[in-house]
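The values are calculated or read from the model by the stated rules, or taken from the named source; none is laboratory data. Computed from a predicted structure; not experimentally measured. Quick reminder, even Gly has a Cβ in these numbers, built from the backbone with ideal geometry, and neighbours come from all protein chains shown.
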Amino acid sequence: MLRYLTIPVTPFQQNCSIVWCSETLQAAVIDPGGDLDSVQAEVRRQGLTLTQIWLTHAHIDHAGGTAELAAKLQLPIIGPHPADQFLIDGLAAQSRLYGFPPAEAFAPTRWLSDGDTVTVGHCTLSVRHCPGHTPGHVVFYSAEIGRAFVGDVLFAGSVGRTDLPQGDHDTLLQSIVGRLWPMGDATVFIPGHGPESTFGRERKTNPYVGGT
């Protein structure tokens, strides 16, 4: 069974999630943007073995700690979609722009595309390419537990910014309606910032995508 917990990291309070297989206790970390000591302490507290890094996209608050963590623990980096290469290349500049600790570029071990899967222990999640916030943004969905880790595509009561480089509002809305809603109204999503919600609740009440 897949289990998870979420740790807000960086001054942007980005939701870094640790996901793991309850049988093997093998774990992946989704979007290690920073505060790596806190993330690793929680991994140890849960008795887990961290085996991989998964990225939804390459903005600094989501990917800033990736190179350091991967080098320290010799972890493969899975994701995002290749269209975010320019953001990975610009991580050092992003860190200076937003006042983050220095961040290094990295080479993902494996890029992700729509329809791919990722596996931790005995648990497999599906991958959906959901551009709009960034062109290479992906989402991880566990049908087993009805959870989706959506990064900055959708929030409780809002949607991702599209005023950053290569963002596109219409594309973002198409991703939400075409890629997220088919996962079902009961699906709980873990956004990149703020509280969890369900797709059903957002379809009814979200001012940007309600009624879609």
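Could you say which residue among 78, 18, 30 is without any contact (Cβ under 8 Å) to a residue 60 or more places away in the chain, closer than 19 Å to residue 193 by Cα and in contact with a strand residue (DSSP E or B) (Cβ under 6 Å, 6 or more places away or on another chain)? If you could, list the steps in order and put the result at the bottom.
Working: 78 fails: closer than 19 Å to residue 193 by Cα; 30 fails: without any contact (Cβ under 8 Å) to a residue 60 or more places away in the chain.
On inspection, the qualifying residue turns out to be 18.
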Qualifying position, being at pLDDT 95 or above, under 13 Å from the mean Cα position of the chain (by Cα) and assigned to a loop (DSSP other than H, G, I, E, B), among 108, 80:
80
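Taking the stretch 120-138, which residues are in contact with a His (Cβ under 8 Å, 6 or more places away or on another chain) and β-branched (Val, Ile, Thr)? Before you say what the answer is, go through the steps one by one.
Keep residues of the stretch 120-138 that are in contact with a His (Cβ under 8 Å, 6 or more places away or on another chain), which gives 129-138.
Correct list: 134, 138.
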For the structure I just gave you, tell me whether residue 122 is within 21 Å of residue 162 (Cα to Cα) and at pLDDT 95 or above.
no
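Mind telling me which of the residues 64, 90 ends up being surrounded by fewer than 20 Cβ atoms within 10 Å (Cβ to Cβ) and of a type in the set (Gly, Ala, Ser)? If you could, list the steps in order and put the result at the bottom.
Numbers: 64 fails: surrounded by fewer than 20 Cβ atoms within 10 Å (Cβ to Cβ).
Going through 64, 90 in turn, just one is surrounded by fewer than 20 Cβ atoms within 10 Å (Cβ to Cβ) and of a type in the set (Gly, Ala, Ser): 90.
Any idea which residue in the stretch 33-52 is surrounded by the most Cβ atoms within 10 Å (Cβ to Cβ), counting only those that are of a type in the set (Asp, Glu) and touching a strand residue (DSSP E or B) at 6+ places or on another chain (Cβ under 7 Å)?
So in the stretch 33-52, the residues of a type in the set (Asp, Glu) come out as 35, 37, 42.
In the following step, the residues that additionally are touching a strand residue (DSSP E or B) at 6+ places or on another chain (Cβ under 7 Å) were identified as 35, 42.
Details: 35: 19, 42: 17.
Filtering first and then ranking leaves 35.
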Kindly indicate whether any position in the stretch 158-173 is touching a Leu at 6+ places or on another chain (Cβ under 9 Å), crowded, with 17+ Cβ neighbours inside 10 Å, part of a strand (DSSP E or B) and not acidic (Asp, Glu).
yes
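I'm trying to understand the selection: among the residues of the stretch 193-212, which are among the basic types (Lys, Arg) and under 14 Å from residue 174 (Cα atoms)?
Within the stretch 193-212, the subset among the basic types (Lys, Arg) is 201, 203-204.
Correct list: 203 only.
Being farther than 20 Å from residue 13 by Cα and either without any contact (Cβ under 8 Å) to a residue 12 or more places away in the chain or in contact with a helix residue (DSSP H, G or I) (Cβ under 7 Å, 6 or more places away or on another chain) (or both) is the filter here, so list the residues in the stretch 185-200 that pass it.
To start, the set of residues in the stretch 185-200 that are farther than 20 Å from residue 13 by Cα comprises 185-187, 198-200.
Passing the criteria: 185, 186, 187, 199.
When you scan the stretch 107-115, do you find a residue that is more than 26 Å from residue 49 (Cβ to Cβ), surrounded by fewer than 21 Cβ atoms within 10 Å (Cβ to Cβ) and of a type outside the set (Ser, Thr, Tyr), even just one?
Kept after step one, since they are more than 26 Å from residue 49 (Cβ to Cβ), are these residues of the stretch 107-115: 113-115.
Then keep just the ones that are surrounded by fewer than 21 Cβ atoms within 10 Å (Cβ to Cβ); that gives 113-115.
The next check asks that each one be of a type outside the set (Ser, Thr, Tyr); those that pass are 114-115.
Yes, the conditions are met somewhere in the stretch 107-115.
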Go through the stretch 111-154 and count every residue that is without any contact (Cβ under 8 Å) to a residue 40 or more places away in the chain, in contact with a strand residue (DSSP E or B) (Cβ under 7 Å, 6 or more places away or on another chain) and assigned to a strand (DSSP E or B).
3
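Could you list, in sequence order, the residues of the stretch 158-174 that are farther than 21 Å from residue 205 by Cβ and free of Cβ contacts under 8 Å to residues at least 60 places away in the same chain?
163, 167, 168, 170, 171
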How about the stretch 203-212: which of its residues are surrounded by 14 or more Cβ atoms within 10 Å (Cβ to Cβ) and touching a Phe, Trp or Tyr at 6+ places or on another chain (Cβ under 8 Å)?
203
